[in-house]
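Here is the structure we will look at.
FYI, it's all coordinate maths here, none of it is from the lab. It should be emphasised that the depicted structure is a prediction, and the values quoted were computed from it without experimental measurement. As a convention, Cβ positions derive from the backbone with ideal geometry for all residues, glycine included, and neighbour counts pool all protein chains shown.
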Amino acid sequence: MKKILLITALLISTLAASAQKNTSVSYIDKFKADAIRIMQETGIPASIILGVAMHESACGNSAIAQNLNNQFGVKGGGTSVYYKHKKKVRSSYKQYSSITESFEDFARIMTERKQFSHLADQFTQYDYVAWAKGIQRSGYASSRKWAAQVLGLINKYKLYDLDQTPANQPPLLQPAPDPTDPTGLQPKMANNQ
């Protein structure tokens, strides 16, 4: 009887743990809007932002992604602490207050650090292959396969389609300027307003 209870308990805990894990598709669905917004603000392809996050965080399932909200494997200036199975874990990875903050910090690193900032000048948001190779050449990861792995995710899930989003979206409708306003700064109000 004890064996059956033990096996049942292990099975339930295994199923519960696997149910909590992000799949690649669920991770993309959760964070594609953030990746597109950051692309529109910075010019870094959304496919690169999401592909790197998926690769570095195992789609949000890695220990640092779950405990530190760190989706990109960014090292911090100090030591972060979290608890795993009631044990204190000290980490050199940076801790973020939210996953969105992690995404924004990755964009900041790519656009402000001298090591990577030249990429934005060289490549457009549509050149995800060059971005991946450029990030690798600039020393983001020590693995020689890193860019190929990120590009594999981008191609497998067609993340490059996200890079086209701004061009395919209609421009935001702006109210027409009021012709009676000498400054031209006030929008013309509709008759019913």
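So, by mean Cβ neighbours within 10 angstrom, what's the order for 22-31, 59-68, 42-51 with the highest one leading? Don't skip to the answer; put the middle values down first.
Numbers: 22-31: 15.7, 59-68: 19.0, 42-51: 26.6.
Ranking the peptides 22-31, 59-68, 42-51 by packing returns 42-51, 59-68, 22-31.
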Practice prompt. Apply the Karplus parameterisation 6.51 cos²θ - 1.76 cosθ + 1.60, with θ equal to phi minus 60°, to every residue of the stretch 132-143 and state each ³J(HN,Hα) to the nearest whole Hz, in sequence, with x for glycine and proline.
Written response: 4, 5, x, 5, 5, 4, 7, x, 5, 9, 7, 5
Worksheet, complete the sentence: 1/(1 + (r/R0)^6) with r = Cβ-Cβ of residue 126 and residue 33, R0 = 25 Å, i.e. FRET efficiency to nearest 0.05, evaluates to 0.85
Item to complete: Tell me which residues come under 5 Å, amide H to amide H, from residue 74 once H is placed; ignore anything under 5 positions away on its chain.
Response: 94
Fill in: Segment residue 61-residue 100, extension gain: residue separation times 0.36 nm, minus the distance between their alpha carbons
12.5 nm
Worksheet item: Can you work out ³J(HN,Hα) from phi for every residue in the stretch 94-103, in order, using Karplus 6.51 cos²θ - 1.76 cosθ + 1.60 and θ = phi - 60°, giving whole Hz and x for Gly and Pro?
Response: 6, 9, 10, 6, 8, 5, 4, 4, 5, 4
Worksheet entry | Under-5 Å amide H pairs with residue 157, H placed in peptide plane, nonlocal only | none
Practice prompt. Please give the length that would be gained between residue 75 and residue 23 if that part of the chain were fully extended, namely 0.36 nm times their separation in residues minus their C-alpha to C-alpha distance (nm, one decimal).
Written response: 16.2 nm
Worksheet item: What full-extension length gain, to one decimal in nm, is calculated for residue 90 and residue 138 as 0.36 nm per residue of separation minus the Cα-Cα distance?
Response: 14.5 nm
Worksheet item: Applying the Karplus parametrisation 6.51 cos²θ - 1.76 cosθ + 1.60 with θ = phi - 60° to the phi angles of the stretch 32-48, what ³J(HN,Hα) value in whole Hz is obtained for each residue in order, glycine and proline being reported as x?
Response: 5, 5, 5, 5, 5, 4, 5, 4, 5, 7, 10, x, 6, x, 4, 5, 5
Fill in: Residues with amide H under 5 Å from that of residue 89, placed H, sequence gap 5 or more
82, 83, 84
Worksheet item: Just how far, in whole angstrom, is the stretch 23-48 from the stretch 71-102 if you go by their alpha carbon centroids?
Response: 22
